[in-house]
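These notes are about the structure you will find just below.
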Amino acid sequence: MMTAKVFAVFAGILFMAGAAIAESPQPTYQSSADFARYAMKLREDSILKLEPQVIVPTDSHKEGSARSLYPWKLSIVTTVFWVGESAGQNNPVHNYSSCWDLNWWRTYGGVDAPTGRKKLEDGGTIPAGFIPQGNPFYFALPYNDVTGGRHKPEARKIIPWFNAVFEQEGKSVCRDRWIMIRHGLRVCYAQWSDVGPFRTDHWQYVFGNERPQWNLNRGAGLDISPAVQDYLGMGGTDVADWKFIEYSDVPFGPWSRFGENNSFVVDARRKAMRLAQTKKPASPAAGDAPAVVTKQ
(Lines give C-alpha, C1' and ligand atoms only; values in the text may rest on other atoms or scores of the structure.)
Protein backbone atom coordinates (compact mmCIF):
# COMPACT_ATOMS: atom_id res chain seq x y z
CA MET A 1 0.00 0.00 0.00
CA MET A 2 1.09 3.58 -0.64
CA THR A 3 2.24 5.33 2.54
CA ALA A 4 1.01 8.81 3.39
CA LYS A 5 4.46 10.28 2.73
CA VAL A 6 4.80 8.67 -0.72
CA PHE A 7 1.28 9.71 -1.60
CA ALA A 8 2.03 13.32 -0.64
CA VAL A 9 5.15 13.40 -2.79
CA PHE A 10 3.30 11.88 -5.75
CA ALA A 11 0.43 14.36 -5.37
CA GLY A 12 2.92 17.22 -5.31
CA ILE A 13 4.52 16.07 -8.56
CA LEU A 14 1.14 15.89 -10.26
CA PHE A 15 0.24 19.37 -8.99
CA MET A 16 3.45 20.94 -10.34
CA ALA A 17 3.08 19.20 -13.71
CA GLY A 18 -0.48 20.47 -14.04
CA ALA A 19 0.59 23.98 -13.15
CA ALA A 20 3.35 23.92 -15.77
CA ILE A 21 0.90 22.82 -18.45
CA ALA A 22 -1.59 25.48 -17.43
CA GLU A 23 1.05 28.22 -17.58
CA SER A 24 2.49 27.17 -20.96
CA PRO A 25 1.17 29.14 -23.95
CA GLN A 26 -1.52 27.29 -25.87
CA PRO A 27 -1.97 27.77 -29.64
CA THR A 28 -5.07 29.65 -30.76
CA TYR A 29 -6.79 29.20 -34.08
CA GLN A 30 -8.72 31.85 -35.95
CA SER A 31 -10.55 29.30 -38.09
CA SER A 32 -11.01 25.60 -38.71
CA ALA A 33 -8.59 25.95 -41.65
CA ASP A 34 -5.87 27.15 -39.25
CA PHE A 35 -6.46 24.16 -37.01
CA ALA A 36 -6.38 21.80 -40.01
CA ARG A 37 -3.01 23.20 -41.08
CA TYR A 38 -1.69 22.82 -37.53
CA ALA A 39 -2.92 19.19 -37.40
CA MET A 40 -1.30 18.47 -40.78
CA LYS A 41 2.00 19.91 -39.52
CA LEU A 42 1.90 17.67 -36.45
CA ARG A 43 1.21 14.66 -38.65
CA GLU A 44 4.09 15.46 -40.99
CA ASP A 45 6.48 16.05 -38.08
CA SER A 46 5.59 12.67 -36.57
CA ILE A 47 6.02 10.92 -39.92
CA LEU A 48 9.41 12.50 -40.60
CA LYS A 49 10.69 11.32 -37.23
CA LEU A 50 10.05 7.75 -38.40
CA GLU A 51 11.47 8.16 -41.89
CA PRO A 52 15.13 7.46 -42.76
CA GLN A 53 17.05 10.52 -43.88
CA VAL A 54 17.55 10.99 -47.60
CA ILE A 55 20.57 13.07 -48.59
CA VAL A 56 19.83 15.79 -51.11
CA PRO A 57 22.67 15.98 -53.66
CA THR A 58 23.33 19.73 -53.59
CA ASP A 59 26.66 21.54 -53.82
CA SER A 60 26.73 21.95 -50.05
CA HIS A 61 26.28 18.22 -49.62
CA LYS A 62 29.20 17.56 -51.97
CA GLU A 63 31.32 19.48 -49.51
CA GLY A 64 30.01 17.28 -46.71
CA SER A 65 28.53 20.20 -44.78
CA ALA A 66 24.79 19.61 -44.98
CA ARG A 67 22.10 16.94 -44.81
CA SER A 68 18.51 17.47 -45.80
CA LEU A 69 15.24 15.64 -46.30
CA TYR A 70 12.85 15.44 -49.18
CA PRO A 71 9.62 16.33 -47.35
CA TRP A 72 6.41 14.35 -47.58
CA LYS A 73 3.50 15.87 -49.49
CA LEU A 74 0.56 14.69 -47.44
CA SER A 75 -3.06 13.93 -48.35
CA ILE A 76 -2.70 14.87 -52.02
CA VAL A 77 -5.72 14.31 -54.26
CA THR A 78 -4.51 11.75 -56.79
CA THR A 79 -5.97 10.82 -60.17
CA VAL A 80 -5.14 8.18 -62.77
CA PHE A 81 -3.84 8.80 -66.29
CA TRP A 82 -2.15 6.58 -68.84
CA VAL A 83 0.00 6.52 -71.97
CA GLY A 84 -2.26 6.85 -75.01
CA GLU A 85 -5.23 8.28 -73.11
CA SER A 86 -7.53 10.37 -75.28
CA ALA A 87 -8.61 13.86 -74.30
CA GLY A 88 -11.82 14.03 -72.29
CA GLN A 89 -13.90 16.23 -70.02
CA ASN A 90 -11.44 16.12 -67.11
CA ASN A 91 -8.43 15.49 -69.33
CA PRO A 92 -8.25 18.41 -71.78
CA VAL A 93 -4.97 17.23 -73.35
CA HIS A 94 -4.40 13.76 -74.80
CA ASN A 95 -1.56 11.57 -73.56
CA TYR A 96 -0.34 10.15 -76.86
CA SER A 97 2.63 12.41 -76.23
CA SER A 98 4.13 13.69 -73.02
CA CYS A 99 5.89 16.96 -72.23
CA TRP A 100 9.19 15.14 -72.73
CA ASP A 101 8.34 12.64 -75.50
CA LEU A 102 6.29 13.61 -78.56
CA ASN A 103 5.82 9.92 -79.44
CA TRP A 104 5.24 8.63 -75.94
CA TRP A 105 2.73 5.93 -76.82
CA ARG A 106 5.02 4.57 -79.56
CA THR A 107 8.06 4.70 -77.27
CA TYR A 108 6.07 2.93 -74.57
CA GLY A 109 4.86 0.26 -76.97
CA GLY A 110 1.13 1.00 -77.03
CA VAL A 111 -1.79 2.28 -75.00
CA ASP A 112 -1.41 1.59 -71.29
CA ALA A 113 -5.16 1.25 -70.62
CA PRO A 114 -6.32 0.69 -67.02
CA THR A 115 -8.67 -2.14 -68.07
CA GLY A 116 -7.83 -5.66 -69.26
CA ARG A 117 -4.45 -5.72 -67.59
CA LYS A 118 -2.18 -8.69 -66.95
CA LYS A 119 -1.43 -9.36 -63.28
CA LEU A 120 2.11 -10.41 -62.37
CA GLU A 121 3.24 -12.59 -59.48
CA ASP A 122 5.07 -9.73 -57.76
CA GLY A 123 1.90 -7.62 -57.55
CA GLY A 124 2.52 -5.50 -60.61
CA THR A 125 0.30 -5.18 -63.67
CA ILE A 126 1.12 -4.50 -67.33
CA PRO A 127 -0.97 -4.14 -70.49
CA ALA A 128 -2.34 -7.48 -71.58
CA GLY A 129 -1.35 -7.07 -75.24
CA PHE A 130 2.33 -6.07 -75.06
CA ILE A 131 5.42 -5.76 -72.90
CA PRO A 132 5.89 -2.10 -72.01
CA GLN A 133 9.07 -0.46 -73.24
CA GLY A 134 8.81 2.17 -70.51
CA ASN A 135 8.45 1.72 -66.77
CA PRO A 136 4.72 1.04 -66.13
CA PHE A 137 5.14 2.65 -62.70
CA TYR A 138 5.06 6.30 -63.75
CA PHE A 139 3.50 9.56 -62.58
CA ALA A 140 3.02 13.23 -63.43
CA LEU A 141 3.51 16.36 -61.31
CA PRO A 142 2.55 19.93 -62.27
CA TYR A 143 6.01 21.27 -63.10
CA ASN A 144 8.23 21.16 -66.17
CA ASP A 145 11.78 22.43 -65.77
CA VAL A 146 12.18 23.01 -69.53
CA THR A 147 10.39 25.37 -71.92
CA GLY A 148 11.28 26.39 -75.45
CA GLY A 149 14.30 24.10 -75.44
CA ARG A 150 15.87 25.77 -72.40
CA HIS A 151 15.68 25.37 -68.65
CA LYS A 152 13.36 27.77 -66.86
CA PRO A 153 15.14 30.59 -64.97
CA GLU A 154 14.16 29.25 -61.55
CA ALA A 155 15.00 25.58 -62.24
CA ARG A 156 18.60 25.71 -61.04
CA LYS A 157 17.56 27.34 -57.75
CA ILE A 158 14.51 25.28 -56.82
CA ILE A 159 15.37 21.72 -57.92
CA PRO A 160 17.51 20.14 -55.16
CA TRP A 161 19.43 17.77 -57.46
CA PHE A 162 19.86 20.15 -60.43
CA ASN A 163 23.62 20.73 -60.20
CA ALA A 164 24.32 17.07 -59.43
CA VAL A 165 22.68 15.68 -62.60
CA PHE A 166 22.71 18.57 -65.11
CA GLU A 167 24.08 17.47 -68.49
CA GLN A 168 23.10 20.09 -71.04
CA GLU A 169 20.83 23.06 -71.54
CA GLY A 170 17.27 22.00 -72.33
CA LYS A 171 17.61 18.39 -71.14
CA SER A 172 15.19 17.87 -68.26
CA VAL A 173 16.60 16.97 -64.86
CA CYS A 174 13.12 16.04 -63.65
CA ARG A 175 12.33 13.35 -66.20
CA ASP A 176 12.57 9.80 -64.78
CA ARG A 177 13.20 10.95 -61.19
CA TRP A 178 11.81 8.60 -58.54
CA ILE A 179 9.17 9.22 -55.91
CA MET A 180 7.77 7.10 -53.10
CA ILE A 181 3.95 6.94 -52.97
CA ARG A 182 1.99 5.83 -49.93
CA HIS A 183 -1.70 4.94 -49.70
CA GLY A 184 -2.87 3.47 -46.42
CA LEU A 185 -0.43 0.71 -45.49
CA ARG A 186 0.81 0.21 -49.06
CA VAL A 187 3.91 1.85 -50.58
CA CYS A 188 5.31 1.80 -54.10
CA TYR A 189 7.83 3.69 -56.22
CA ALA A 190 7.48 5.33 -59.63
CA GLN A 191 9.30 7.47 -62.18
CA TRP A 192 8.39 10.98 -63.36
CA SER A 193 7.25 10.64 -66.98
CA ASP A 194 4.91 13.56 -67.71
CA VAL A 195 3.70 16.91 -66.40
CA GLY A 196 0.30 17.65 -64.84
CA PRO A 197 -2.45 17.54 -63.84
CA PHE A 198 -3.43 20.73 -65.66
CA ARG A 199 -0.39 22.85 -64.76
CA THR A 200 3.29 22.87 -65.74
CA ASP A 201 4.58 25.70 -63.55
CA HIS A 202 3.57 25.04 -59.94
CA TRP A 203 7.06 24.60 -58.49
CA GLN A 204 5.92 26.18 -55.22
CA TYR A 205 3.98 22.96 -54.59
CA VAL A 206 6.30 20.40 -56.21
CA PHE A 207 9.45 21.72 -54.53
CA GLY A 208 8.00 24.08 -51.93
CA ASN A 209 5.37 24.22 -49.21
CA GLU A 210 2.26 25.19 -51.14
CA ARG A 211 -0.73 22.89 -51.60
CA PRO A 212 -1.99 21.99 -55.09
CA GLN A 213 -4.37 24.60 -56.47
CA TRP A 214 -7.99 23.84 -57.27
CA ASN A 215 -8.72 22.33 -60.69
CA LEU A 216 -11.35 20.25 -62.47
CA ASN A 217 -10.14 17.11 -60.67
CA ARG A 218 -10.89 18.37 -57.15
CA GLY A 219 -7.52 20.01 -56.74
CA ALA A 220 -5.50 16.96 -57.80
CA GLY A 221 -1.74 17.37 -57.42
CA LEU A 222 -0.54 13.95 -58.57
CA ASP A 223 -1.34 11.73 -61.56
CA ILE A 224 -0.44 8.04 -61.31
CA SER A 225 -0.32 5.22 -63.83
CA PRO A 226 -2.66 2.20 -63.85
CA ALA A 227 0.18 0.02 -62.48
CA VAL A 228 0.59 2.33 -59.47
CA GLN A 229 -3.17 2.44 -58.98
CA ASP A 230 -3.44 -1.36 -59.05
CA TYR A 231 -0.52 -1.92 -56.69
CA LEU A 232 -1.77 0.58 -54.11
CA GLY A 233 -5.42 -0.38 -54.48
CA MET A 234 -6.51 3.19 -55.20
CA GLY A 235 -9.66 4.52 -56.81
CA GLY A 236 -9.84 6.70 -59.89
CA THR A 237 -9.80 9.78 -57.66
CA ASP A 238 -8.23 9.14 -54.28
CA VAL A 239 -5.77 10.54 -51.73
CA ALA A 240 -2.09 9.61 -51.28
CA ASP A 241 1.17 10.87 -49.75
CA TRP A 242 4.33 11.18 -51.82
CA LYS A 243 7.95 12.29 -51.59
CA PHE A 244 11.02 12.41 -53.81
CA ILE A 245 13.55 9.66 -53.19
CA GLU A 246 17.00 8.88 -54.56
CA TYR A 247 17.29 5.90 -56.89
CA SER A 248 19.89 4.40 -54.55
CA ASP A 249 17.17 4.20 -51.86
CA VAL A 250 14.54 2.53 -54.04
CA PRO A 251 14.15 -1.19 -53.23
CA PHE A 252 13.60 -3.90 -55.82
CA GLY A 253 9.97 -4.53 -56.68
CA PRO A 254 7.55 -4.70 -59.62
CA TRP A 255 8.62 -1.13 -60.45
CA SER A 256 12.15 -2.34 -61.22
CA ARG A 257 11.35 -4.86 -63.98
CA PHE A 258 10.36 -3.12 -67.20
CA GLY A 259 11.30 -0.12 -69.29
CA GLU A 260 14.13 1.31 -71.32
CA ASN A 261 14.00 4.36 -69.04
CA ASN A 262 13.95 2.27 -65.86
CA SER A 263 16.99 3.00 -63.69
CA PHE A 264 17.19 -0.66 -62.63
CA VAL A 265 17.13 -1.91 -66.23
CA VAL A 266 19.68 0.67 -67.36
CA ASP A 267 21.94 -0.15 -64.41
CA ALA A 268 21.75 -3.91 -65.02
CA ARG A 269 22.59 -3.44 -68.72
CA ARG A 270 25.63 -1.32 -67.87
CA LYS A 271 26.89 -3.89 -65.39
CA ALA A 272 26.45 -6.66 -67.95
CA MET A 273 28.42 -4.67 -70.54
CA ARG A 274 31.24 -4.00 -68.07
CA LEU A 275 31.35 -7.68 -67.16
CA ALA A 276 31.51 -8.70 -70.82
CA GLN A 277 34.33 -6.24 -71.48
CA THR A 278 36.41 -7.53 -68.57
CA LYS A 279 36.12 -11.20 -69.53
CA LYS A 280 39.24 -12.46 -71.28
CA PRO A 281 39.00 -15.12 -74.04
CA ALA A 282 40.30 -18.53 -73.07
CA SER A 283 43.88 -19.23 -74.13
CA PRO A 284 44.12 -21.79 -76.99
CA ALA A 285 45.46 -25.21 -76.04
CA ALA A 286 49.03 -26.04 -77.01
CA GLY A 287 49.25 -27.01 -80.66
CA ASP A 288 45.91 -25.45 -81.56
CA ALA A 289 45.91 -23.02 -84.44
CA PRO A 290 44.67 -19.53 -83.55
CA ALA A 291 41.13 -18.71 -84.62
CA VAL A 292 40.79 -16.74 -87.82
CA VAL A 293 38.06 -14.08 -88.05
CA THR A 294 36.91 -13.17 -91.54
CA LYS A 295 34.33 -10.63 -92.72
CA GLN A 296 31.12 -12.09 -94.09
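The values are calculated or read from the model by the stated rules, or taken from the named source; none is laboratory data. Computed from a predicted structure; not experimentally measured. All Cβ positions, even for glycine, are placed from backbone atoms using ideal geometry, and neighbour counts span all protein chains on display.
For the range 249-264, the count of residues that are surrounded by fewer than 17 Cβ atoms within 10 Å (Cβ to Cβ), in a helix (DSSP H, G or I) and modelled with pLDDT of 90 or more is nonzero.
Could you tell me whether ASP223 is more than 25 Å from ARG269 (Cβ to Cβ), of a type in the set (Asp, Glu) and buried (at least 17 other Cβ atoms within 10 Å of the Cβ)? So ASP223 fits the description; yes.
Answer yes if at least one residue in the range 165-183 is within 19 Å of ASP223 (Cβ to Cβ), buried (at least 21 other Cβ atoms within 10 Å of the Cβ), over 18 Å from the mean Cα position of the chain (by Cα) and not hydroxyl-bearing (Ser, Thr, Tyr), and no otherwise. No, every residue in the range 165-183 fails to be within 19 Å of ASP223 (Cβ to Cβ), buried (at least 21 other Cβ atoms within 10 Å of the Cβ), over 18 Å from the mean Cα position of the chain (by Cα) and not hydroxyl-bearing (Ser, Thr, Tyr). For the range 89-144, residues that are surrounded by 18 or more Cβ atoms within 10 Å (Cβ to Cβ) and at positive phi total 1.
Right, VAL206: crowded, with 18+ Cβ neighbours inside 10 Å, β-branched (Val, Ile, Thr) and touching a residue at least 12 places away in the same chain (Cβ under 8 Å) or not? So VAL206 passes the test. Just so you know, in the range 114-141 the residues that are part of a strand (DSSP E or B) and of a type in the set (Ser, Thr, Tyr) include one that is nearest to the chain's Cα centre (by Cα), and it is TYR138.
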